[in-house]
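Read-outs throughout are calculated quantities, based only on the coordinates presented, and are distinct from any laboratory measurement. All figures in this text were calculated on a predicted structure; none of them were measured in a lab. Note that each Cβ is placed from the backbone with ideal geometry, even for glycine, and that neighbours are counted across all protein chains shown.
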Amino acid sequence: MKKIAILGQPNVGKSSLFNRFARKRIAITSDVAGTTRDVKREFIDFDGKEAQIVDTGGIDDSSELFKSVKNKAIEAAKEADIILYMVNGKELPDERDKELFYKLQALDKPIALVVNKIDNDKEEERAWEFTEFGAENLFSISVSHNRRVGQLVEWVKSHLDEAVPEFVVEDEDALENLIEQFDESGILHEEESLNEIGVAIIGRTNVGKSSLLNALLKSERAVVSDVAGTTIDPVDEKMIIGDKTVTFIDTAGLRRRGKIEGIERYALNRTKQMLERADIALLVLDASEPLKELDEKIAGLVDEYKLGCIIVLNKWDEAIGSYDEIVEELRYRFKFLSWAPVITVSAKSKKRVYKIYDMILKVFENYTRHIPTRELNEVIKDATIKHHIPSYRGKPVNILFASQYAIKPPKIALISNRPKGIHFSYLRYLANRLRESFDFTGTPLILIPKKRGEREEESGEV
């Protein structure tokens with residue numbers, strides 16, 4: 001599959017073109033120069049021809065941060081098969097653009113000069129000024145008005161591999177078997193795939209989330225800077241761990257609500273969207289500083305989105321206290337994450353980062369754990385004998401039986417004659433007994449009291 005890299009200076013429309021190709025809003029777009037800072041990838045289907053499109057940060061030498069962004073962009077161009085270099089058609093040709101375009105031409109790959117923001121025929125004359133670049137393939141377009149973007153797409157498609165059939169049916173019996181796998185609505189009859197894990201890296205600004213991502217991937221994938229708020233658009237990257245495909249999502253660092261400004265508001269919303277499709281959160285805390293109130297609020301996102309969790313104490317080589325002291329305070333302040341394992345690392349030196357791989361697989365195993373009904377009821381019955389359920393309004397409360405009805409996270413229905421009579425504190429007692437009997441490390445456990453025949457409701461998490 002071929003890769004297409006979009007390069008150019010800040011605010012020329014690279015992310016808008018990326019979104020136009022993807023036919024959905026993936027990259028954050030803004031009038032603020034430098035909105036995109038990390039390399040963002042997406043698989044695109046161009047009428048049956050597949051490719052990976054790569055949106056890079058704006059090329060700028062104005063600061064150390066943007067020099068790092070520039071290096072990432074150039075690395076992406078070297079890895080790509082097709083290069084689209086974008087310029088702003090509302091401005092005069094820039095010598096920096098010329099210099100870089102000539103260097104990219106020397107890579108001897110299909111390359112097009114894309115003059116964006118040519119919104120109408122009257123502005124077409126400005127596009128001709130860019131012929132001095134000597135580009136063999138020049139396209140004057142307007143991404144915002146979808147003007148002549150189709151011509152650029154056709155040129156891209158001409159350099160892509162022909163579409164490969166998804167499957168070939170060799171005989172009629174095989175075709176019949178394939179059809180039988182689908183129901184009348186066309187939905188494939190199969191259990192949810194458990195081969196892919198979404199891992200979101202969350203934490204406040206400048207705790208080392210991007211450094212941790214780079215250490216996990218063993219490559220400089222995300223831009224790292226001392227400037228708080230460097231990551232704006234969530235960055236995601238896949239790697240194989242064991243027999244699982246793990247997608248790491250480096251989310252934007254979160255600040256106190258009063259300090260969220262400009263494009264960071266978009267970043268906060270995008271982070272929440274990413275959490276909706278994640279399975280596990282790596283909650284990154286800065287061990288070189290005291291825990292903050294904001295750390296607790298961010299940890300609350302784990303609870304809100306019902307995620308598995310691993311608490312990562314980063315910068316452990318600069319820790320302000322002993323392991324026992326820090327973990328004791330952490331457990332006191334994060335009582336709702338008492339089930340989350342803690343790992344101490346140094347993303348900068350990569351010390352102990354490797355331990356996170358095995359822990360992700362272990363937590364995901366628990367996050368998708370299904371307890372056989374017989375074993376589940378044995379534990380519940382034993383727990384109720386040892387500690388009876390208090391009566392409700394003077395009437396006895398019994399659990400008739402228990403049944404697990406979902407995973408990710410595990411959800412267990414407690415069928416009772418008086419479900420409203422099972423107090424939250426008793427649910428917590430039952431959850432603790434279940435955790436003693438089965439390994440639920442790293443995952444929330446949801447117990448739902450209900451009457452026979454009632455629909456399960458999202459309540460009773462303990």
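Quick one: Lys72, Lys122, Lys40, Lys451, fewest Cβ neighbours within 10 Å first, how do they rank? Walk me through the numbers before you get to the answer.
On the way: Lys72 19, Lys122 8, Lys40 24, Lys451 12.
Listed from fewest to most nearby Cβ atoms, that is Lys122, Lys451, Lys72, Lys40.
Could you pull out every residue, at least 5 positions away or on a different chain, whose amide H is within less than 5 Å of the one on Lys3? Hs are placed 1.01 Å off N in the peptide plane, and Pro or chain starts have none.
Distant-sequence amide H within range of Lys3: Gln52, Asp81, Ile82.
How much length is gained if the chain between Tyr392 and Glu132 is pulled fully straight, taking 0.36 nm per residue apart and subtracting their Cα-Cα distance, in nm to one decimal? Walk me through the intermediate numbers first.
On the way: separation 260, 0.36 × 260 = 93.60 nm, distance 8.44 nm.
Result: 85.2 nm gained on full extension.
Fewest Cβ neighbours within 10 Å first, please rank Tyr332, Tyr85 accordingly.
Working: Tyr332 9, Tyr85 25.
Sorted ascending by nearby Cβ count, the order is Tyr332, Tyr85.
Taking the Cα centre of each part, how many Å lie between region 310-350 and region 413-455?
Value for the Cα centre distance between the two parts: 29 Å.
Going by how many other beta carbons lie within 10 Å of each one, how would you line up Met359, Met239, fewest first? Mind showing how you got there, number by number?
Values: Met359 18, Met239 15.
The fewest-first ordering by Cβ neighbours comes to Met239, Met359.
So for the pair Asp45, Arg352, with labels modelled 7 Å out along Cα→Cβ, what separation do we get in nm?
4.6
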